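What follows is a short report on a single structure.
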Amino acid sequence: MKYLLRIICVMVMGFLMSTATIAEDRTQKNKAWAESLLSEHCAAFPGVKCEQKNLNQINWSKKDLRQARLAHSTLREANLVGANLTGANLSYTDLTDANLRNANLTSANLEGAIITGVSFDGANLAYANLKVIQEPIGPVNCSIASSNQGNQSLPETSKSITFIGSNLEGVFAVGIDLQGVDFSGANLYKAKFSNAKLNYSKFQDARIESTDFHGASLVCSSIVNVTATKANFSQANLDSTKLTGGNFTGANFEGATLTRSDARKSIFIDSNFYGANFGGAILRESIFRGSKFDHAILEFGINFLGADLSFSDLRSASFIGVNFEGVRLENTLLGDAIWVDRSQCAKNSVETCQSVSGK
């Protein structure tokens, strides 16, 4: 009997030890799996270091990711709606088709990030580095002014990149190639887009006060109903661009290309158009009062060949050396303007400059 009990005890102990070994093995495997999962998907907390990770389709909606270090990671189709990414490093990340609506990206670094298909609608990108990358969209070819319709067709590959209602104040985007993007209703105050390629883009109802577009390409874009006081468009290419209904008071268009553009019913008071080219542009019913077109030379100076300035206000503007051949001036106000030969137009001059000296 004692022998039998001893055998039973040994069997029970063996079973318990085997069960403990299996449980420990499972615990180790679960721990390894958890560590692997964490290494791939990272926990969401301020300052998290999660670089060079695969974070595709991760859900970090409304998470606090301030100062997060996510450089070189892939976040395709990630849900970052309302996330706090203030000061985050997103340089060279792949954000294709990610959703960043209403996210806070203040002072974030997105240099080299791929943003094809991303929605930044309502997001705050104030003072962020936006030197991002987008898929190429091919050559631009349109003419909205000649048809008077303004129906630009945006390339399909870039329609989904949007900054509608976003805050882009002071954003740094010098030299970016970001074409066909929708900035409607966005705040671009003092943003830096010099030498950027923004062809086919839409800025309807946007605030672009003191925004720098020097040397930028905005061909076939829609810059409609904007507030653009003191904006810098010097040397910019605005061929076939729609500029209707906007306030461009004090804006700088020196050396800009505005051929075939449509700038009807806009305000350009005290703006600078030195060396600009308006060939074939539609400028009807606009106000150019006090604007400067001085010191133009024939081959590089102002060229209004074929432009339509009918019903516009050119009072007190200066046109020294301008070529007005073929320009339409029906019911155009020219009072006190400085004409091509440096003579001053009489206050009641309409359509033609009547020199105050009687010449």
(Q) What distance in nm separates the two pseudo spin-label positions at Ala43 and Asp341, each 7 Å out from Cα along the beta-carbon direction? (A) 8.3 nm
(Q) Compute, for segment 320-359, the length of the dipole vector about the Cα centre, with Cβ point charges of +1 (Lys, Arg) and -1 (Asp, Glu) only. Units Debye, rounded to 20. (A) 120 debye
Q: For a footprinting-style exposure proxy, rank Glu325, Glu77 by other Cβ within 10 Å, fewest first.
A: Glu325, Glu77
Q: Taking just the C-alpha trace of segment 152-299, give me its Rg and Dmax in Å.
A: 14.0, 44
Q | Footprinting exposure proxy for Leu105, Leu329 (fewest neighbouring C-beta atoms within 10 Å first) | A | Leu329, Leu105
Q. Can you sort His214, His72 so the residue with the fewest Cβ neighbours within 10 Å comes first?
A. His72, His214
(Q) Within 14 Å, Cβ to Cβ, of Ala186, how many net charges do the neighbouring residues add up to if Lys/Arg are +1 and Asp/Glu are -1? (A) -1
Q | Residue pairs, from the table Lys265/Lys347; Lys53/Lys190; Lys53/Lys131; Lys49/Lys202; Lys202/Lys347, whose Cα atoms sit over 30 Å apart | A | Lys53/Lys190; Lys49/Lys202; Lys202/Lys347
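Bear in mind that the values in this text are calculations on the coordinates, not laboratory data. This is a predicted model, so every value here is computed, not measured. Every residue, glycine as well, gets a Cβ built from its backbone with ideal geometry; the counts of neighbours run over all protein chains shown.
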